[in-house]
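Asks: After the structure tokens below, expect a handful of questions from me.
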Amino acid sequence: MRAKRVFLIVLDSVGIGEMPDAARFGDAGSNTLLSCSKSPRFALPNLGALGLFNIDGVTCGTRTDTPSAAFARLSEKSNGKDTTVGHWEIAGVVSERPLPTFPQGFPAAFLERFSAAVGRGVLCNRPYSGTAVIADYGEEHMKTGKLIVYTSADSVFQIAAHEDVVPLSELYEICAAARAMLTGGLAVGRVIARPFTGAPGSFTRTANRHDYALPPPGETMLDRLQAAGKTVYSVGKIADIFDGRGITKAVRTKNNADGVEALLRAMAEDFTGLCFVNLVDFDMLYGHRNDVDGYVAALSYFDMRLPEITGALAPGDVLMITADHGCDPGTPSTDHSREYIPFLALGDGIEPGNLGTLCGFDRIGRAAERLLGDGMERFAL
């Protein structure tokens, strides 16, 4: 079988249970999907019909006797559990060394150089929840114009600023400057612009987030597909994660609903190649905030839209659905979790059934490349 188009959807952070080494990452007992299943609102009939609940190790939901997709459970090779490392591995780059993290904040000497370069002072410089940090430092930021700089358990340098105090264009320039300065031992996976609005006591983060990623350290499937003359269509923050490399067309989105609409528009276009989609709300809005019901609502929304997506598949199309890590909203931690990820695939010539538990997110990218290249007699990861 050979595909004309592959649509690869990453449900950001929808992990399906702790990996054997989860304790080393502080994630023993994490299971994002299982935590969501404990909500009375949990119901995913369309994902269930594909075979989500038939995947190895999944103990929630109702298994189906007639799954319509090929399905598997995948473990991560890379030494990490974040968005950047997960997506890089999907695309074929395994990260043996973890990206640097800063549990005590960034070095004072670096922040002095950064502040001098961008012309603004700095507040906070600690690991912090994104909503809590603007609640605690937002008023001082508005009075002083200083930037709220913070991090998390992930390899990130985040800058929060009120849109009335630091215009978006300036915030983006500041983040680009930070990206250029964060090198060597300070080379975090992502610099993230985190704009917000509102008054003290009622600050709200806006949808104008922008990520500035570290370039992948090796060649990815996106690079190879582009070099082969294929379209590489990015929806959501995929272009940011890969620093724009290997992308021929990028559509930025504000939320999952916007992402699904962008995907459906892409499916209506005539192209040959890959459409790589990230739906971020699960992680950004609900996983990191330990909001089980919100996470379940986001899953239900995607499940409701899934028949439209599968119905838009044309002959020669393959749909793949997966994740990049976990972010269990039911544990005390608000950070990503080291979990297995689900994999579902359907399309012409794909035989439904269990592909088992397999090592390596990179199997996904290799399968997509083979389908879009010489093809394969029988679909396999």
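Asks: Within the stretch 203-245, count every residue that is of a type in the set (D, E, K, R), in a helix (DSSP H, G or I) and in contact with a Lys or Arg (Cβ under 7 Å, 6 or more places away or on another chain).
Replies: 1
Asks: A follow-up question, please. Can you name the residue in the stretch 50-86 that is open to solvent by less than 10 Å² (accessible area, probe 1.4 Å) and among the hydroxyl-bearing types (S, T, Y) and, of all such residues, is nearest to the chain's Cα centre (by Cα)?
Replies: T83
Asks: Please work out which one of (1) in a loop (DSSP other than H, G, I, E, B); (2) in contact with a Ser or Thr (Cβ under 8 Å, 6 or more places away or on another chain); (3) surrounded by 16 or more Cβ atoms within 10 Å (Cβ to Cβ) is the condition E96 fails and give its number.
Replies: Here E96 meets the rest and fails (3).
Asks: Being open to solvent by 60 Å² or more (accessible area, probe 1.4 Å) and of a type in the set (V, I, T) is the filter here; which residues of the stretch 229-260 pass it?
Replies: Answer for the stretch 229-260, where residues must be open to solvent by 60 Å² or more (accessible area, probe 1.4 Å) and of a type in the set (V, I, T): just T248.
Asks: To continue, here is another question. Return the total of residues in the stretch 22-49 being assigned to a loop (DSSP other than H, G, I, E, B) and open to solvent by less than 40 Å² (accessible area, probe 1.4 Å).
Replies: 6
Asks: Please state which of the following conditions S333 fails to meet, knowing it meets all the rest: (1) surrounded by fewer than 21 Cβ atoms within 10 Å (Cβ to Cβ); (2) within 20 Å of the chain's Cα centre (by Cα); (3) modelled with pLDDT of 95 or more.
Replies: Unmet condition: (3).
Asks: Something else now. Looking for something crowded, with 16+ Cβ neighbours inside 10 Å and closer than 13 Å to C275 by Cα - is there at least one such residue anywhere in the stretch 187-200?
Replies: Looking through the stretch 187-200, none of the residues is crowded, with 16+ Cβ neighbours inside 10 Å and closer than 13 Å to C275 by Cα.
Asks: What pairs can you find where one residue is in the stretch 6-26 and over 16 Å from S333 (Cβ atoms), the other is buried (at least 24 other Cβ atoms within 10 Å of the Cβ) and among the acidic types (D, E), and their Cβ atoms are less than 7 Å apart, with a gap of 6+ or different chains?
Replies: Here the result reads V10/D324; D12/D283; D12/D324; I16/E339, each pair linking the stretch 6-26 to a residue that is buried (at least 24 other Cβ atoms within 10 Å of the Cβ) and among the acidic types (D, E).
Residue-wise test of (1) at pLDDT below 95; (2) assigned to a strand (DSSP E or B); (3) among the small types (G, A, S); (4) surrounded by fewer than 21 Cβ atoms within 10 Å (Cβ to Cβ).
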residue	(1), (2), (3), (4)
N125	no, yes, no, yes
T131	yes, no, no, yes
I134	no, no, no, no
H141	no, no, no, no
D154	yes, no, no, no
I159	no, yes, no, no
S169	no, no, yes, yes
A178	no, no, yes, no
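Asks: I'd like the full set of residues that are among the acidic types (D, E) and in contact with a helix residue (DSSP H, G or I) (Cβ under 6 Å, 6 or more places away or on another chain), limited to the stretch 196-246.
Replies: Scanning the stretch 196-246 gives a single hit, D211.
The values are calculated or read from the model by the stated rules, or taken from the named source; none is laboratory data. Note that the structure is a prediction, hence the values are computed from the model and not measured. Cβ: placed from backbone, ideal geometry, glycine included. Neighbour counts: every protein chain shown. Accessible surface is based on the protein model in full, side chains and every heavy atom, while ligands, DNA and RNA are left aside. Shrake-Rupley method; radii C 1.70, N 1.55, O 1.52, S 1.80 Å.
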